[in-house]
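J.: Before we start, here is the structure in question, set down as structure tokens.
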Amino acid sequence: MLAFPSKKTCARLFYGRRKEKFGNGTMKKNRKKSRPGYYYDQSAVIPFLRRNGKIKILLITNRKRRKWIFPKGIIETDMSPAASAAKEAGEEAGITGAVYEECAGSYRYKKWGGVCTVQVFPMRIEKVLQNWPESDIRDRIWVGVEEAKFFLDLPQIEEIIHRAAPLIYANGKLHRNSVRCCDRERIEKEGAYHVGKN
């Protein structure tokens, strides 16, 4: 008669092999190695436009479509924070526009085994693409200035929006050196609509 090991014995053998293979999770932790220092310096935009006399802010989902966020990304080494944020806005949200020179604030979040610091700049939208590079993995939503804080899971968001409000409602100084999010040929090819002044 064949003797089969008990469930408890099987569990011990299985766990022992996992422990030997993964080192009690150490291998998994090692996969999350820290990135180069500049990865933790990021910038974002608060994209807004004026529709029928009302200010609307554009939010996008993260890659997993679980959270609403501002378009953001790692600051390119050859760009200013504002210009880099404008570039990310084109890739992630499919918008072009002008980024205000004054930073509205910053927030931090944990990633890659460290803490990322994100500078936030208001951005006046000029064109909106119907198709954009990350349209397959992100959604967009338009919200009011005061509504935005209820969609964003950021502890400092209320203060950032409060600081950005005067720049959004007034004509702030534009960041003239900011890179346009998408080139004109792509805008015309992919069917953008121009945002007029209301």
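Readers should treat all values here as calculations from the given coordinates under stated rules, not as data from a laboratory. For clarity, every value in this text was computed on a predicted model and none was experimentally measured. Virtual Cβ from ideal backbone geometry, glycine too; neighbours counted across all protein chains shown.
J.: Enumerate the calculated ³J(HN,Hα) couplings along the range 63-76 in order (Karplus 6.51 cos²θ - 1.76 cosθ + 1.60, θ = phi - 60°), each rounded to whole Hz, writing x wherever the residue is Gly or Pro.
T.: 4, 8, 6, 9, 10, 8, 9, 7, x, 8, x, 5, 5, 4
J.: Another question, if that's okay. What residues qualify as long-range amide H neighbours of Trp68, i.e. H under 5 Å apart, gap of 5 or more or another chain, H built at 1.01 Å from N?
T.: Close amide H contacts, sequence-distant or interchain: Asp153.
J.: Could you work out how far apart the two model spin labels at Asp78 and Arg50 are, taking each label as a point 7 Å from the Cα in the direction of the beta carbon, and quote it in nm?
T.: 3.6
J.: Taking a ≥ b ≥ c as the square roots of the eigenvalues of the Cα gyration tensor of the range 38-191, is the shape rounded (a/c under 1.5), prolate (a/b larger than b/c) or oblate?
T.: rounded
J.: Moving to a separate point now. Using the Karplus curve 6.51 cos²θ - 1.76 cosθ + 1.60 with θ = phi - 60°, what ³J(HN,Hα) values do you get for each residue of the range 124-139, in whole Hz, with x for Gly and Pro?
T.: 7, 6, 10, 9, 10, 7, 7, 10, 9, x, 10, 5, 6, 10, 9, 10
J.: Next question, about the same structure. Which distance in Å, rounded to a whole number, links the C-alpha centroids of the range 97-125 and the range 129-156?
T.: Using only Cα atoms, the two centres lie 14 Å from each other.
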